[in-house]
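Step one of this worksheet: look at the structure below.
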Amino acid sequence: MSTVWQFLTARRGGKSWDWTDVFTWFWLIGGVILMFGPAVWLVNSSFKTPAALAEFPPSILPYVTAQIAVPGHDKPLDLYEVTDEAGKVRVLAEIRRIGIVSQMIDPAKPEEIIKVPIEQRKAKRSVSFSFDNYVKPFLAFDFFLYLRNSVFVTVMATIITLLTNSMAAFALSKYNFTGRSFVMLIIVATLMVPLSVILVPLYSVISAMGLFNSLWGVILPTVATPTGVFMLRQYMLTIPDELLDAARMDKASEWQIYWRIILPLTAPALAVLAIFSVVWRWNDFLWPLIVLSRKELYTLQVGLNVYAGELNVEWHYILAMTVVTMIPVVIVFIFLQKFITAGIAGTGLK
Amino acid sequence: MANALTMLSERAGAIIMAPVRLLAMAFDPPLRLWQKWTGQNGMAAFFLAPNLAVFGIFVLFPLVINFAYSMTGGAALFLEDRVYVGADQYERLFTCQSYLDPKGCAEDLFWTAVWNTGLFVVLQVALMTVVALITALVLNRDLRARSFWRAVFFFPVLLSPVVVGLIWRWILQRQGLLNYGMLEMGFEPVTWLAERNWAFTAAILVSVWAHVGFYALILLAGLQAIPRDLYEAAEMDGTRPARMFWRITLPLLAPNLLVVLVLTLIRAVQIFDEVYVLTGGGPGTSTLFITQYIYEVGFASLLRNPGLASAASILMGGVLVVLTLIQLGIARRNELRSGKR
Amino acid sequence: MVKVKSLLGAFALSLAASTAFAGDVRMMWYSDGVEGEVMADLVARFNKENPGINVILDNVAYKVVQEQLPVELEAGTGPDIARVTNIKALANHWLDLTPHVADPAYWQANFGDQFDWMRPDGSTAIPGFMTQITLTGGYANKTLFEQAGVPLPGETATWDEWVEAAGKVQDSQKLNAAIAIDRSGHRISGPNVSFGSNYIAADRMPGPLDDGAKAFAEKLVKWTADGRMNKEIWVSAAGTTYRPAIDDFVNGQIAYYYSGSWQISALSTKIGKNFDWVATGSPCGPTACSGLPGGAALVGIKYTKNAAEVGKVMDFFAREDIVREFTERTLFLPAHKGVIGGKIDFKTDDANVKAALESYVKATTKVHANAGALPAWKWGSVYYGALVTRISQVMAGEMPLADAYVKIDEDIKAKVEEASKKQ
């Protein structure tokens, strides 16, 4: 315990605390609560039954009403804590409720029926995680098929993105040719055209190319990210030209220069782009929803939206599946996170 | 543990890379021929081609078609079935008694969305930059387990916008977690998402929550590039920390701050997914933003009007191009200043 | 290089996707509750009984049916069969099943009443059948009424009487609001008709907003301002976004909830034994006590390459025993005349559910002609959209009612004009 405290309170140079230290810890701890809190709440809610989800005030942990099997009754009965006029609390089982009066029995003496006004009873509840939310979609829906499609889309899109973007960035950073500034201008000008702006025309293009209801129709429109080209180019500008010239002296071909020199030296920036590409493609929702209408092609994000109907949304399943789909992204992040700051620092954004 | 993980991932990487390496080697001979034939600049064309092809087909071409759409009318979806109407759609968007009062416009919702977006952009960009800066400064201190703290702030960037909107709607709705907390502490519950100002504030805060980690990292990268000895020298001179911040940190961080400013600006103009899920544009129309307007007019409503939606999106695209050109200008100035090309 | 390969791959894949195998029938289906599972069972049974035909059930999000399917249809593609709600506006794309089904007379006799909902005006086609009929109507939290000592208003009670009674419950039980109505123009159209409104002008085009609709809009705004009607549902979205108020009712936060028959099974699972609830039909206005009928239809798509197989599949799902099983398991109101006439044994042990379903069957008889005509009218959704967009703005205090009336008429006019621009 004391080591934990020592760890937490350790500070630079062993000097005494000043207001900046207090503020730092305020910010960090506030950050943990604000940033993680909502996500923890999401994970926690995903274990609740539909009834518990709709409940207010919300319970912190998922609860269900405790039940007891009583001889003479086919089904288990719900248990309630009943407070009588004298303020004494008893645990009773409810047989049925008629209007505002509840007919109850003491599980120990099942013969005698006690009538209790319902405001005097409170459900006796116990913590219970509703794994059904997870199990049922796994069984009823082709979870692994959707997973395969999602992985395929994410991996292919990321590989193609890295390859085409790095090649383009190489050309734009290390060659002098006419029209270079023009190409650069177009790429940057469309840096952030939101999908919704070109939704309808893009749809016509896709359906004219016969890519409708095909995973490639999801992958191809996303791979030429201007952001990626821009980022990689900025990074490659920092690679000295002398390296390239030396290689050319040694009769290296341009392809070898790209492959053997540029790519390895751009690794941190590529890692950053890989992370973003994986996160973007994995979370893509609107576009796949529009392109894919056959279940054997669904990605996870599209698949889990089957639970969104016209008039009702089955939140308990959507929540559970959302949690499942978050896991791979978090894993990728944990593996690659050491590159993030280094990569961003080097991408010319400094 | 962490070392083992790194080793594992490196070894796995090496195994995966082996066939890729072979493939790359196989590409070399034909490409040498190509290079001999076209020279070095022909190779530039080769490197550019794949990206430009995809980019042209799936981004540029649709943009051009979009412009064509904006000159047509009717509810038909495919260009060949639509009626040419000239600038009618733009005229409709600009039919207003006064541009300052959306209510007098033919498309009052468009102008409401324009003004809402404007206000949102100003407030959100300011807040985002300040919060990102503070977070970066905090993370730049000598912290133990800095990568953990970094991950804490970065983590929401990994969530999909739909999930972000959903989480916060559940927290903020009348029967949500926040009101429960307020009740427990003896306050009256507030209908956060049904009050104009609260809903607008919530839209800003949630979008900051979701993206601040990314911008904080850009600023952190800038902070770490500032040479330590500058501070040490200043400390020798007895400079106060506040003065050091204004005289050393801020000026040296300015390029990064500008990048953050422009990036947040561009993203704020297009704000959509998370706010759409969070507030649906309400209460009333107080969080209705341009992208939502375009989406509803052109795609989501039962009787679509793709012409009007395209016209609105062309206008918005124009604003975005101006903003990105500003960014390009800044980037170029930075390049010149740092002496590269 | 890789580019070429990926394009080739794309080409091959798209080829594979576009050649439908003979005998394959793709059915696009969305679900509000358990009907997707029930349908999957029934499809499996069909495939077993008919080895030559392979029905593939694509369970999709409602968004796909609403936003993507129309685009596919306009491009002349799409599934072979689809479950849709926007049946009138897209009626040009449905397949006339008359030559493909075994016994058109059976279809006419059992589903004929709703064919006009799903075919262009004047057509005599058999486009499909309603998987379920819905009717808007109210639900009262009986337990809350009893706790407050307020008697439930009777069958002929007016909207004012319901709101007043629910208001007493609200005051005595310290509720957030007395009533709630789903945020949807469709939901308030039954009441509008009860107040004497008729959206359809003599030329079958949208008429201007009339006094009946204005009278009810005025009441909605007043109830919201008085804190009787739950403000958050209507106010916390812009445009035509649908927001159900079911959670407030489930939590016992309101005494009266106006929604529709489709909520029955959701209410049953979410409320359980927490309180007793009753379906009340629609409260009355000066003209009628009408709800608004509607529902989802299963239709054949004109662009199918396997029309004969589509006919066989549709015949199977329209069979009386299949419709009955579907109805009993999904707790939906059936459209099939024979099923309605026979005995339906709904698969539930919740007494509230059975009573509610019976109440809805009774309420069907009170549907006013003006409401009954709306499902077969192609401009319905335009009218609903304009109503919900503008009335919610009034509730949020953004414009006075008088302005909203003007805007509603303008919105509808602009939409109709735009839609009638054709080559």
Neighbour-count ranking for C:SER268, A:SER277, C:SER290 (other C-beta within 10 angstrom, fewest to most) reads C:SER268, A:SER277, C:SER290
Give the span of the protein assembly as shown's Cα atoms along each principal axis, as three whole-Å numbers ordered largest to smallest.
93, 76, 64
For the range C:75-98 and the range B:141-195, write down the distance between their C-alpha centroids in whole Å.
43 Å
What is the range C:12-165's relative contact order, in percent, from Cα pairs under 8 angstrom and six or more apart in sequence?
18 percent
Once R0 is set to 60 Å, what does the formula 1/(1 + (r/R0)^6) return for the Cβ-Cβ distance between C:ILE344 and B:ALA87, expressed as a FRET efficiency to the nearest 0.05?
0.55
Report the Cα-based extents of chain C along its three principal axes, largest first, to the nearest Å.
68, 52, 50
Residues of the range A:39-72 with backbone N under 14 Å of the label point set 7 Å from the Cα of A:VAL91 along Cα→Cβ are A:65-70
Label model pair A:ASP18, C:GLU164: point-to-point distance (7 angstrom along the Cα→beta-carbon line) in nm is 7.3 nm
Which whole-number percent gives the relative contact order of chain C, counting Cα pairs below 8 Å spaced six or more residues apart?
24 percent
Helical contribution to [θ] at 222 nm, DSSP H n ≥ 4, -39,500 (n - 2.57), averaged over chain B, rounded to 500
-23500 deg cm²/dmol
If each part is reduced to its alpha-carbon centroid, the range B:93-119 and the range C:108-186 end up apart, in Å, by 37 Å
Full-extension gain between B:THR201 and B:ARG247, please, as 0.36 nm times their residue separation minus the C-alpha to C-alpha distance.
13.3 nm
Just tell me which aspartates and glutamates come within less than 20 Å, Cα to Cα, of B:LYS36; anything on the same chain fewer than 8 places away is out.
A:ASP245, A:ASP250, A:GLU254, B:ASP28
Cα-based Rg of chain A per 2.2 N^0.38 Å, rounded to two decimals?
1.47
In what order do A:SER130, C:SER184 fall by count of nearby beta-carbon atoms within 10 Å, going from fewest to most?
A:SER130, C:SER184
Could you tell me how far the Cα centroid of the range C:194-220 sits from the Cα centroid of the range C:301-323, in Å?
38 Å
Using the eigenvalues of the Cα gyration tensor, what equivalent ellipsoid semi-axes result for chain B when each is taken as the square root of five times the eigenvalue, whole Å, largest first?
39, 35, 23
In nm, to one decimal, how far is the B:LEU79 label point from the B:ALA254 one, both placed 7 Å along Cα→Cβ?
4.6 nm
Of B:ILE167, B:ILE326, B:ILE57, the most mobile residue in a GNM of chain B (C-alpha springs, cutoff 10 Å) is B:ILE57
Simple SL model, points at 7 angstrom along Cα→Cβ for A:PHE144 and A:PHE129; separation in nm is 2.3 nm
Mind checking which aspartates and glutamates have their Cα closer than 13 Å to the Cα of C:LYS422? Skip sequence neighbours fewer than 8 apart in that chain.
B:GLU80, B:ASP81
Could you work out the relative contact order of chain A, using alpha carbon pairs under 8 angstrom and six or more residues apart, expressed as a whole percent?
19 percent
What is the fewest-to-most order of C:THR364, C:THR136 by other Cβ atoms lying within 10 Å of their Cβ?
C:THR364, C:THR136
Along principal axes, Cα extents of the range C:261-346, largest first, whole Å
50, 36, 25
Comparing A:LEU286, A:LEU243, A:LEU172, which has the greatest mean-square fluctuation in the GNM of chain A with Cα pairs linked when under 10 Å apart?
A:LEU243
GNM, chain B, Cα, under 10 Å: largest mean-square fluctuation among B:LEU219, B:LEU278, B:LEU183?
B:LEU183
Across every pair of different alpha-carbon atoms, what Kirkwood hydrodynamic radius in Å does the range B:31-131 reach?
18.3 Å
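Over the Cα atoms of the range B:285-328, what is the Rg over Rh ratio if Rh follows Kirkwood?
1.09
Please list the three semi-axes, largest first and in whole Å, of the ellipsoid equivalent to the range B:224-276, using sqrt of 5 times the eigenvalues of its alpha carbon gyration tensor. Mind showing how you got there, number by number?
Working: eigenvalues 249, 21, 13 Å².
Whole-Å semi-axes of the equivalent ellipsoid: 35, 10, 8.
If the chain between A:GLU119 and A:VAL70 were fully stretched, how many nm would it gain, using 0.36 nm times the residue separation less the Cα-Cα distance?
In short, 15.3 nm is gained.
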How long are the semi-axes of the ellipsoid equivalent to the range C:210-323, from square roots of 5 times the Cα gyration tensor eigenvalues, in whole Å, largest first?
36, 21, 16
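Laboratory data are not the source of any read-out in this text; all were calculated from the coordinates shown. Because the structure is predicted, anything quoted here is derived from the model rather than measured. FYI the Cβ positions are ideal-geometry reconstructions off the backbone, even for glycines, and counts take in every protein chain you see.
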